[in-house]
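Nothing in this text is a laboratory measurement; each read-out follows from the coordinates by a stated rule. Owing to the predicted nature of the structure, the values given are computational and were not obtained by experimental measurement. Virtual Cβ from ideal backbone geometry, glycine too; neighbours counted across all protein chains shown.
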Amino acid sequence: MSHSESEIPTFAVVGKINMGKSSVLATLLEIDDDRVVRVSSTPGATTQCQVLPVEFDGREMIRFIDTPGFSNALEAMRSIQDLHGEGTPDLASVERFVQRELDGGQFEDEARLLQPLVDGAGVLYVIDPSKPLRDAFVAEMEILRWTGRPRMALLNEKADHEDHIEEWRIRLGSYFNLVRTFNAHRARFDERKNLLKALLEIDEGHRRRIEETIELIDEEWDQRREESAEILMDFLSKALRYRESAPLDEKEEELEERKERKRKELAKVYYAKIAQMEEKTYEKLLRLYRHQILSVEVGGEHLDGLDLSSEETWQKWGLSRSQLTLAGGVAGGAAGIAVDLGSGGLTHGLGTLIGALGGAGAAFFKGEDLPDLKVGMITGVGNSKRALVMGPPAGENFPWILLDRWLHHFAEVMSHAHGRREEELLQPKDDSGWVRGFSRDRRVRLQRWFSQSAKGGSSAFDAAVFQEFVNALEEAEDA
Ligand SMILES: Nc1nc2c(ncn2[C@@H]2O[C@H](COP(=O)(O)OP(=O)(O)OP(=O)(O)O)[C@@H](O)[C@H]2O)c(=O)[nH]1
Ligand SMILES: [Mg+2]
């Protein structure tokens, strides 16, 4: 091993086959790609050691090694004992065993997984406390102890019980410097960070390096949150400003029934566009948090389960009526979010507003109808004399519902461990939302920003509003 390599703190994740070693690493290092870290319910998924570096700006900070599992620990233990002779085997005997078995020996798996330890790696020993402690596990622990490397045991509970945790804890205590819990399917950022912090306790020699890594990871996490806030704000202001328009032919202009049909069609297009915008933001979010097999689909006017055309949605999500009135009132006449139809180079001022411009108290829609969009007519679009223009729903709850749903998806993404390998579609559950729990100050501040955004108002960066969004995201991280 070269000098520079020996400076990089290295930890091998070891344990019996199928204990979740690869899953632990996948979650810890945010790798959801099977081509990088293979996770499988079939035992023996990992057959070679795999080095997984943690890099920042091209600089390798810490190195983890995924290893094949112990497949025959009892026999391997006896074989090492035989090799050593009298007394307790040591690192030298483990090393001789590795050399003898590495190429086609009877204990190839064991030799492969022990090789990094011989080379100096610390040990993360993964066990599942829902399984009884059998002799084979004791043999694994013995062998690991003989290496003399710093070692920590990780309890990765695969089933939803830990029936054997007590016997495990007692035994692990005598073989390992530290025992920690880490659930490969549920661990979030804080748990990942705590695991890295625990490395400090078993590898004092690399203290500075490990601390530096944790600082970098922290910084990166904050940065991602801020980027998320930018993505979110960008989406909300675009959604509020968005107008869909279509020219009216003569018949559509003259016949009320035709006009109404056109209105409905256009409303559908409008909602589909909003959904599309929203979906794009989730794609960005998933990329930012290194999720490749997770997706969020926001389809058509039904917007992914949170159906904007259902009255229930408008009652359960976003702010309550009284909160809306208050936020609107304090924000200064937000009930009259102006319908500025003049976007996109369309002339305005000559058209007639035909849509309902209902305020907070208006009934938004009935039955199957989509919530009333702000509707206007303008003149002079293309060859047609007049065109229909549709803006955001008249109900002031619109941005709040969008924000609520976004926070909901954000929280789901935060709680999704990379070690999970099912391709999953994140759907909002039948939950209550986030924004009703906001402080009054925050509601007022955001409402004011929504109103400005809806008017296509100043695009100047508002640090206080940005901070509110960042804080809201941080709260959703730990939910
Ligand atoms: N429910 C649940 N399943 C888990 C957890 N950790 C791992 N699994 C599952 O256990 C199986 C084995 O996981 P792997 O990570 O491939 O295990 P391994 O120890 O690397 O296995 P080998 O490489 O074959 O030795 C997979 O089906 C995982 O999805 C967990 O925390 N909870
Ligand atoms: Mg594996």
Practice problem: Give the cross-link partners of K262 among the aspartates and glutamates, using a straight C-alpha distance below 20 Å as the criterion and excluding same-chain residues fewer than 8 apart. | Solution: E244, D249, E250, E252, E253, E254, E301, E368, D369, D372
Quiz item: Label point 7 Å out from A464 along Cα-to-Cβ: which residues of region 433-451 have amide N under 13 Å?
Solution: 441-449
Quiz prompt | Paramagnetic reach from R188 (point 7 Å along Cα→Cβ, amide N under 13 Å) across region 400-416 | solution = 408-416
Self-check item: Cβ-Cβ FRET estimate between R208 and T42, R0 fixed at 51 Å, reported to 0.05
Solution: 0.80
Quiz item: Which of S439, S93, S451 comes first, and how do the rest follow, when ranked by fewest Cβ neighbours within 10 Å?
Solution: S439, S93, S451
Quiz prompt | J(HN,Hα) series, region 234-246, from Karplus relation 6.51 cos²θ - 1.76 cosθ + 1.60, nearest Hz, glycine and proline x | solution = 4, 4, 4, 5, 5, 4, 5, 8, 5, 10, 10, 9, 8
Quiz item: Using the Karplus equation 6.51 cos²θ - 1.76 cosθ + 1.60 (θ = phi - 60°), what ³J(HN,Hα) coupling, rounded to whole Hz, does each residue of region 92-104 give in order, writing x for Gly and Pro?
Solution: 4, 6, 4, 5, 5, 4, 4, 5, 5, 8, 4, 9, x
Exercise. Quick one: which residues, 5 or more positions from L248 or on another chain, have an amide H under 5 Å from its amide H? H modelled 1.01 Å from N in the peptide plane, none for Pro or chain starts.
Key: R386, A387, L388
Quiz prompt | Spin-label model distance (nm) - E7 vs L425, 7 Å beyond Cα toward Cβ | solution = 5.1 nm
Quiz item: By average Cβ neighbour count within 10 Å, what is the ranking of 283-292, 253-262 from highest down?
Solution: 283-292, 253-262
Quiz prompt | Amide H within-cut-off set for V14, under 5 Å, with H built and near neighbours excluded | solution = L124, Y125, V126
Quiz item: Given a Förster distance of 25 angstrom, what is the FRET efficiency for E227 paired with R436, based on the Cβ-Cβ distance and rounded to 0.05?
Solution: 0.45
Quiz item: Which distance in nm do the two modelled labels at D135 and K251 give, with both placed 7 Å along the Cα-to-Cβ direction?
Solution: 8.8 nm
Exercise. Would you please name the trypsin sites (Lys or Arg not before Pro) within region 52-151 that are DSSP coil residues with at most 14 other C-beta atoms within 10 Å of their C-beta?
Key: R134
